[in-house]
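Beneath this line is the structure, given in structure tokens, with notes to follow.
Every number here is computed from the coordinates shown, using simple stated rules; none is lab data. None of the values given here were measured: they were computed from a predicted structure. Heads up, the Cβs are rebuilt from the backbone with ideal geometry, glycines too, and the neighbour counts pull from every protein chain shown.
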Amino acid sequence: MRKVTSHHWIAGTIAGTDEVKGEMTERSRNETEEQELRQVSNFLALWRVCGNAGCRRAKTCRGRAQLCGRKNSKNVPPSVREFFVAFLAGKRCGISFEEFWEDMEFEPCTRDYFAWRNGHPTRSRDEPC
């Protein structure tokens, strides 16, 4: 399995090896979903606002990834969520990461996302992105 880092597109599907007649087994599907949700949690640095001390210490999702986004995403600054939505939209439209970066590099949302990832404050909620 390839390692997906923050500079890569979030993996659309990380295929498991437990395939039966071209379909993933239920266990493999659940493991894949867990991996993808954990990558999204880590991409958004949800560990910064997580109530699980283990996640904050490790600076990565260590809990139940299925609950993490639902529970913690509302505590992520709006401009960071906006960057993530733009990121997903670009991925769904099929543009390359380089094209996405070219379009978004100087956007306030991008600056806020990287500030958030690096532990710095982001802009006020009242400022438009």
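Whole-Å semi-axes of region 77-129's equivalent ellipsoid, largest first, each the root of 5 times a Cα gyration tensor eigenvalue?
Values for region 77-129, descending: 20, 11, 9 Å.
Please give the peptides 79-86, 93-100, 105-112 ranked by average Cβ packing (other Cβ atoms within 10 Å per residue), highest first, as a rough proxy for protection.
So the peptides 79-86, 93-100, 105-112, ranked by packing, come out 79-86, 105-112, 93-100.
Gain in length, PHE106 to CYS93, computed as 0.36 nm per residue apart minus the alpha-carbon separation, to one decimal in nm?
Full extension from PHE106 to CYS93 adds 2.6 nm.
Could you go through region 52-66 in sequence order and give the Karplus-derived ³J(HN,Hα) for each residue, using 6.51 cos²θ - 1.76 cosθ + 1.60 with θ = phi - 60°, rounded to whole Hz, and x for Gly and Pro?
7, 4, x, 5, 5, 5, 7, 6, 6, 5, 10, x, 8, 4, 5
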